[in-house]
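The values are calculated or read from the model by the stated rules, or taken from the named source; none is laboratory data. The shown structure was predicted, so the numbers you read here are calculated from the model rather than taken from an experiment. Methodologically, a virtual Cβ is constructed for each residue, glycine included, from the backbone with ideal geometry; neighbour enumeration extends over all protein chains shown. Just the protein is used for accessible areas: all its heavy atoms, side chains included, with ligands, DNA and RNA removed. Shrake-Rupley method; radii C 1.70, N 1.55, O 1.52, S 1.80 Å.
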Amino acid sequence: GTYREGCQRGDFALRLRLQGFFWCPRDLLGIEEHLMAYYDFPELLKEISQFQLDVYKEQLNGILRIVQPSTIFFEEDFSGRNGPMICPDLFDEFIAPYYRELIPFLKERGAGEIFLDTDGDFTLMIPNLMACGIDGVLPVDVNAGVDIVKVRQAYPNLKFWGGFNKLAIIQGPEAIEAEFRRLEPVIRQGGCIICTDHQAAPQTPLAHYRYYLQRLREVMC
């Protein structure tokens, strides 16, 4: 009741996180076994994803009658520093069909923006993600070589959370200011919530992190 009333009044934004159709079988099978299964047990992977889709539709049909999340994150993590762990063709066969069915289902029931949560360099997969109805990507991993400014130039309708190099915070105010200047074109365009490209590093000085937070509030106003 509290969440429903707060959403209706606009007191806060509600975020819903769901496992994606790459993440779930990876958790069930293990990383290496999952990747081999695309070739050794393709029908098993499709059965897992279909079951997952059926459960989501059954359960979310009730949940979305109570609350309408402004953002839904699908946890995937299918990318590393050198790019996606699967090729676009495998994505289109084993993952895309389930997103293409689920995302319209969510939107019809009042869900807001649909984001895909993956570390690493996801850029090769952007056209495939957008074809599924994905609105945006997070956390835009700078340290995997992903430049949010260049990605926005190539895909002006793609939205973002993240994109700020967390390692710049360690270096202090000068590096933090340089990072904000780098990101300024995307900030001015909108369609992004700038934050660290994943969690802040443990060795980050507290004073530097406080400076980053202060400047983040000022820059994003």
Boolean, Ala131 is open to solvent by 20 Å² or more (accessible area, probe 1.4 Å), farther than 15 Å from Gly191 by Cβ and of a type in the set (A, V, I, L, M): yes
What pairs come out if I take residues in segment 188-209 that are open to solvent by 50 Å² or more (accessible area, probe 1.4 Å) and pair them with residues that are hydrophobic (A, V, I, L, M, F, W, C) and part of a strand (DSSP E or B) whose C-beta lies under 9 Å away, six or more apart or interchain? Ile193/Leu138; Ile193/Phe160; Ile193/Trp161
Of the listed residues (Phe74, Phe78, Phe94), the one being of a type outside the set (Asp, Glu), over 17 Å from the mean Cα position of the chain (by Cα) and open to solvent by less than 70 Å² (accessible area, probe 1.4 Å) is Phe94
Check on Ile63, more than 22 Å from Val140 (Cα to Cα) and out of contact with any helix residue (DSSP H, G or I) (no Cβ under 8 Å at 6 or more places or on another chain): yes
Failed item in (1) on the phi > 0 side of the Ramachandran plot; (2) at pLDDT 95 or above; (3) among the aliphatic types (A, V, I, L, M), with Val140 passing the rest: (2)
In segment 56-78, is there at least one residue being touching a Gly at 6+ places or on another chain (Cβ under 9 Å) and among the small types (Gly, Ala, Ser)? yes
Is it the case that some residue within segment 109-126 is within 30 Å of Asp92 (Cα to Cα), of a type in the set (Ser, Thr, Tyr) and in a helix (DSSP H, G or I)? yes
Give just the number: which of (1) hydrophobic (A, V, I, L, M, F, W, C); (2) surrounded by fewer than 19 Cβ atoms within 10 Å (Cβ to Cβ); (3) out of contact with any Ser or Thr (no Cβ under 6 Å at 6 or more places or on another chain) does Ile170 not satisfy? (3)
Extreme residue, nearest to Pro97 (Cα to Cα), among residues of segment 1-25 that are modelled with pLDDT of 95 or more and open to solvent by less than 40 Å² (accessible area, probe 1.4 Å): Phe21
Conditions (1) open to solvent by 20 Å² or more (accessible area, probe 1.4 Å); (2) at pLDDT 95 or above -> Leu158 fails only (1)
What helices (runs of 4 or more DSSP H) completely inside segment 1-102 contain at least 3 residues that are within 24 Å of Gly162 (Cβ to Cβ)? 23-29
